[in-house]
Amino acid sequence: MKYFFSILTLFTLISCSSPNEEEVQNPDPATQTPTIQSISTSSTNIGDTIIINGQNFDPNSTYTITFNGTNGKITKITSTTISVIVPVGTTSGQLQLTANGITVNAGYISIIGQNRLFAYKQYGEIVELNSVTGVETKTLIYGTGSDYLTELKYFAPTNEIIGQGFVSNNNGTNTYKLFKVKLADKTITEMTYAGYDQLIATTTGKLYGYKLYKGIIELNPNTGSEIGSLINTGSDQLYGLIYNAQTNEIMGDKGLLDNNGKNIHKLCKIKLSDNSITENIYYGYDELIPATNGKLYAFRATQKIVELNPATGTEIKTLINISDAHISNLTYYPQTNQIIGKKIIYNDGIPTCKLLKLNLTNNSLSENNIIKDDYNYFIVTD
């Protein structure tokens, strides 16, 4: 009889312990930290639904999902997926999930057809422009720690405008700074660094600096410190360095003199995957303009805007003949497939600045909109 009760007691203990063991094997999802494994797309339109794939999502919990700081509308939650609608008013930037006070980055989202146009006025003012009319819509910043800003670029991974500032010292020297302003909240950071003749920002999140007559070196985009080896581009000067996202190359115009003292121009290309350099003799241009579709355009002062073969630098065709001397700051605007820039007209010595737009679909030129200032840079966001 004692033996029977011992078996019964053991059976009862095992039965009572079963729920506890099952609870350990299947913990409450609300106590687990959500993890993100992938997102359904990295490029989307406003109003589309994005699926976030991961683990430990809880349908009964409250989550916040933001697109570059703008809250999205969550439509469905399962243990492994969250469906969210891209909100109106958002711009390209980080997709973030916040749960239980913890924020997790899901990746960078590009919003199709939502480019923005910014311009820089001398001595510290960056403004946003209406890309159609050229009218200033808002002031992003006014006044910085630097006396003057140069090399302004859009840095997509952090949704910032970055550039180089400098402060004039009393002894005649300059202190150089890496300048950054976040488009989400207008916060400015400036940190002292070595200073470079040109800055090149890539869409892959890398930043490079060009040392005159020496070469190109990778920089830490957070601090401006050098983190790579010098890519030796030779003792001849490089002009107008740009980044071609389609080929992952930095390219620019190399000017040099031949043995007879004649000016020679080369299209210099640095492939960032292996740091190899190729050079092709070509005409030479005042500005190179890369497009997001892989095409390469160029401006020849007082003559024309052309399309180039990005592999060789040879001219494919002339887009439009331009006789005006005062055209500059040309850049590609993806949303409307246009090259935009600045044109200055002088009447009795008084300048009038206009927003110049070349429609690449039909090569029509528009220059009807007067802009407020003689802007030094145009910056287009992705």
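The values are calculated or read from the model by the stated rules, or taken from the named source; none is laboratory data. If you're wondering where the values come from, they're calculated on a predicted model, not measured in any experiment. Backbone-built Cβ (ideal geometry, glycine too); neighbour counts: all protein chains shown. What goes into the accessible areas is simple: the full protein's heavy atoms, side chains included, and nothing from ligands, DNA or RNA. Shrake-Rupley method; radii C 1.70, N 1.55, O 1.52, S 1.80 Å.
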In segment 144-180, anything among the charged types (D, E, K, R) and part of a strand (DSSP E or B) is listed as 151, 153, 160, 177, 180
I'd like to know if segment 332-339 contains one or more residues that are open to solvent by less than 30 Å² (accessible area, probe 1.4 Å), of a type outside the set (A, V, I, L, M), in contact with a Pro (Cβ under 9 Å, 6 or more places away or on another chain) and closer than 23 Å to residue 116 by Cβ. yes
Flagged in segment 101-128 as within 26 Å of residue 54 (Cβ to Cβ), assigned to a strand (DSSP E or B) and small (Gly, Ala, Ser), in numbering order, are 106, 107, 110
Residue count, segment 78-99, condition modelled with pLDDT of 80 or more, surrounded by 14 or more Cβ atoms within 10 Å (Cβ to Cβ) and assigned to a loop (DSSP other than H, G, I, E, B), comes to 2
Among the residues of segment 134-143, the number that are open to solvent by 40 Å² or more (accessible area, probe 1.4 Å) and either in contact with a Gly (Cβ under 7 Å, 6 or more places away or on another chain) or not in a loop (DSSP other than H, G, I, E, B) (or both) is 5
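To keep it simple, each residue is scored yes or no on (1) within 29 Å of the chain's Cα centre (by Cα); (2) in contact (Cβ under 8 Å) with a residue 60 or more places away in the chain; (3) open to solvent by 70 Å² or more (accessible area, probe 1.4 Å).
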{"position": "280", "(1), (2), (3)": "yes, no, no"}
{"position": "298", "(1), (2), (3)": "yes, no, no"}
{"position": "305", "(1), (2), (3)": "yes, no, no"}
{"position": "309", "(1), (2), (3)": "yes, no, no"}
{"position": "321", "(1), (2), (3)": "no, no, yes"}
{"position": "324", "(1), (2), (3)": "no, no, no"}
Residue 204: passes all of (1) in contact with a Gly (Cβ under 8 Å, 6 or more places away or on another chain); (2) under 26 Å from residue 279 (Cα atoms); (3) at pLDDT below 90 but (1)
Scanning segment 338-382 residue by residue, those in contact (Cβ under 8 Å) with a residue 24 or more places away in the chain and closer than 18 Å to residue 154 by Cβ turn out to be 339, 340, 341, 342, 375, 376, 377, 378, 379, 380, 381, 382
Expected output for segment 246-272 (first residue within 16 Å of residue 235 (Cα to Cα) and of a type outside the set (D, E, K, R), partner outside any strand (DSSP E or B) and open to solvent by less than 50 Å² (accessible area, probe 1.4 Å), Cβ below 6 Å, 6+ apart or cross-chain) is 265/284; 267/313
How many residues of segment 181-213 are in a loop (DSSP other than H, G, I, E, B), in contact with a strand residue (DSSP E or B) (Cβ under 8 Å, 6 or more places away or on another chain) and open to solvent by 50 Å² or more (accessible area, probe 1.4 Å)? The answer is 9
Flagged in segment 128-144 as touching a Lys or Arg at 6+ places or on another chain (Cβ under 7 Å) and either in contact (Cβ under 8 Å) with a residue 60 or more places away in the chain or over 18 Å from residue 330 (Cα atoms) (or both), in numbering order, are 136, 140, 141
